[in-house]
Amino acid sequence: AQAPADVKMPPPQTPIDDLTPSLDVEDFFVHIYEATNEDGWTNVQEKFDKDAVEHDGRICYRFSGCGSCMTRLKFVVSTPLPANSLMIRPEVSSRSMSEITGLLHTEYKHQINPGDAVVELVDDEKNAESLRGYAMRQILESPSVSQSVDKLEDKEESEWNSYWARMIVRRDVPELGMAAMVVLPIGRRHTVVFQVGAVKAYTLTVQPHEEPGKVIVAHVMFLPFSAYPTWATQHFSRLAKVEQTNFMRYLKAHDLQRLCEIDSTYYTVLHLRGCNRGVPLLPFASDDGPLDAADSSNVVAIAAEDGADSYWIRWADRTFTFEAYLRQLLQRCGIELKVFTELSGKKLVPYQVAVVTHAWESCKDQVIAAFHKQQRAYRRMNGGVSAPRVGEAQQARFQHADPRPKSSCFVRSSCDMGALGSLVVRKTFIDMSDSDYTEGNRQGWIGANNQVGGALMRSSTADF
């Protein structure tokens, strides 16, 4: 049945990822690195407490090309541990998210790359201080408006109290001795977005202090305002104290030093050497076609210890990297070992790969034995005494990469923001002027014509 002509019908529901800006991770990091320097930041505090040390409790702001007010909270903590070791990678332990930030309980799900994993964040109802800090950030990062009479159902409210995110920890970036951590919400289409509901990307940097035994911690928030909200300074001060308390509690954990030691040796870098007469060979497999039809110049047989012949074939692809070769060798030999080509977001040189240390130790003998067979076959096919060999590198070597140019904005929206209607700003409230039905209004959210202010922002109130 059709609706009466005088009844205005809401538009079709729009997937949340179409209303929420997607995010370029590398562009985002370029902007976050700016939190470690003072250029372009304006200090909003007229003076510090007489007992405060430099950087401690400082609140600064600057504007990004995305139309947001970047606000930085900085404080100083004492610790004998190096600054770049304080951010524990999520695959080692996800506690650095829960305890350093005082946000939500974090559960590790699966790994993407070293220091880069998917986690699930859930409200920790037992930690009132954690929830208070989390609520403060939600209100500060999304303009507070009066709660609608039509309250959300419990199911919809809990949707933002449990969400998936991509947690990335990088060391020695942007400079040696520093570290950075970002937590990026994952949308319903498994894309990394800047904001899902009231949840925004979370960022934290740690750098050495000029005084030994101290580090500087900086938390950057992205506020959807065209000017710094002076009314929020008091809240920022309280939030900085909450986060400093959380960080100091984290540093006092009895097993933190053990976690730092585990993290520092969590990966082993392998390298390939001795390819003087060409790249290494692979065990012959059924995918290579019938053995009797293979070109004899590309296949060689060696006798195994049990008397059976072992056949090896030349590398067939035009391009060769150690990572591609090792993956094929492991697959053909039935050995399970994950292989990575980067560390801390930096690409390793083509003849190096990274592997998890404890996984490598469990299959090391198998890999070395396979390489010994490969060396025998290689010498028989190519002559000479040298042959490719695998070993553990003393240090990681990275490909040269020019500094990534800073883009004007690190987010992009896939929806037509103009279709949401024009906005009327009244003090700290944002109202839709010509649309009674939007995806946001239906669920208790309001639209925002600001790329990092979030296309969806929660209607809520808070009393701190």
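The values are calculated or read from the model by the stated rules, or taken from the named source; none is laboratory data. Keep in mind the model is a prediction, meaning the values are calculated, not measured. Neighbour counts are summed over all protein chains in view; Cβ atoms, including those assigned to glycine, are modelled from backbone coordinates with ideal geometry. Note: accessible area is taken over every heavy atom of the protein model, side chains too, but ligands, DNA and RNA are not part of it. Shrake-Rupley method; radii C 1.70, N 1.55, O 1.52, S 1.80 Å.
The single condition from (1) under 30 Å from VAL269 (Cα atoms); (2) modelled with pLDDT under 85; (3) touching an Asp or Glu at 6+ places or on another chain (Cβ under 7 Å) that ALA294 fails is (1).
For the condition within 19 Å of ILE100 (Cα to Cα), surrounded by 14 or more Cβ atoms within 10 Å (Cβ to Cβ) and touching a Lys or Arg at 6+ places or on another chain (Cβ under 9 Å), what is the one hit in VAL217, VAL192? Please lay out each step first, then the result.
Details: VAL192 fails: within 19 Å of ILE100 (Cα to Cα).
Answer to the check: VAL217.
Figure legend. Inter-residue proximity from segment 285-308: first residues in a helix (DSSP H, G or I), second residues modelled with pLDDT of 70 or more, beta-carbon distance below 6 Å, spacing 6+ or different chains. Indicated pairs: ASP288/ILE313.
Every residue in segment 244-279 that is open to solvent by 20 Å² or more (accessible area, probe 1.4 Å), of a type outside the set (Gly, Ala, Ser) and in a helix (DSSP H, G or I), please. Listed by number, the residues that qualify are GLN244, THR245, MET248, ARG249, LEU251, GLN257, ARG258, GLU261, ILE262.
Suppose we keep only residues that are touching a Leu at 6+ places or on another chain (Cβ under 7 Å) and surrounded by 20 or more Cβ atoms within 10 Å (Cβ to Cβ) within segment 224-239. Which one would you say is farthest from ARG58 (Cα to Cα)?
Our first condition is that a residue be touching a Leu at 6+ places or on another chain (Cβ under 7 Å); within segment 224-239, this holds for 229, 232, 235-236, 239.
Of the ones still in play, those that are also surrounded by 20 or more Cβ atoms within 10 Å (Cβ to Cβ) are 232, 236, 239.
Details: ALA232: 14, PHE236: 10, LEU239: 12 Å.
Among them, the one singled out is ALA232.
Conditions tested, residue by residue: (1) crowded, with 17+ Cβ neighbours inside 10 Å; (2) at pLDDT 80 or above; (3) closer than 20 Å to PRO185 by Cβ.
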site: PRO11; (1), (2), (3): no, no, no
site: ILE16; (1), (2), (3): yes, no, yes
site: PHE29; (1), (2), (3): yes, yes, yes
site: GLU34; (1), (2), (3): yes, no, no
site: GLY40; (1), (2), (3): no, yes, no
site: ASN43; (1), (2), (3): no, yes, no
site: GLU46; (1), (2), (3): no, no, no
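Of all positions in segment 381-400, at least one carries a residue that is touching a residue at least 60 places away in the same chain (Cβ under 8 Å) and part of a helix (DSSP H, G or I).
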